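The values are calculated or read from the model by the stated rules, or taken from the named source; none is laboratory data. Because the structure is a prediction, the values reported are computed rather than measured. We place every Cβ from the backbone using ideal geometry, glycine too, and count neighbours over all the protein chains shown.
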Amino acid sequence: GIGRLTNAIGTDPSVALYSDGIFSNSMADASTPSLFIERTEVLRGPQGTLYGRNSVGGAMNIVSKRPSEDFNGEVRAMVGNYD
C-alpha cells in the first residue's frame, strides 16, 4: 500500500532495490534475465533497520549467479497454435 506519489525522476522509490547488496534507484535492475539470477530476496514492511532509508515499503535484493567450475546452460521454448 505504500508507493510513489510522483513520477519525478529525482524521487526515490519506497521499496528499496538492491543488486548484490548494492542500492540502486533504477528499476531496470529488476528486469535482469533469470539466466543470470541465483535468487531474489523480498522483505515486506519497513526495512530501515537492515537496509537504511528508502525502504519504507520493503526491500528487494537480487543476487546474481557466481561463476562455477561446471559447464551448464539453459534452453527455453514456447509453442502455440494461434488460439
Pairs with Cβ under 8 Å, 6+ apart, first in segment 71-83 and over 13 Å from SER34 (Cβ atoms) and free of Cβ contacts under 8 Å to residues at least 12 places away in the same chain, second of a type in the set (Ser, Thr, Tyr) and surrounded by 10 or more Cβ atoms within 10 Å (Cβ to Cβ):
none
Residue pairs, Cβ under 9 Å, 6 or more apart or interchain, first in segment 26-52 and closer than 14 Å to PRO13 by Cβ and surrounded by 13 or more Cβ atoms within 10 Å (Cβ to Cβ), second among the aromatic types (Phe, Trp, Tyr) and modelled with pLDDT of 75 or more. List them.
ASP29/TYR18; TYR51/TYR18; TYR51/PHE23
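Quick grid of which residues meet (1) at pLDDT 80 or above; (2) assigned to a strand (DSSP E or B):
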position	(1), (2)
ALA8	no, no
GLU38	yes, yes
LEU43	yes, yes
THR49	no, no
ASN61	yes, yes
PHE71	yes, no
ARG76	yes, no
VAL79	yes, no
TYR82	yes, no
Mind counting the residues in segment 11-36 that are assigned to a strand (DSSP E or B) and modelled with pLDDT under 80?
2
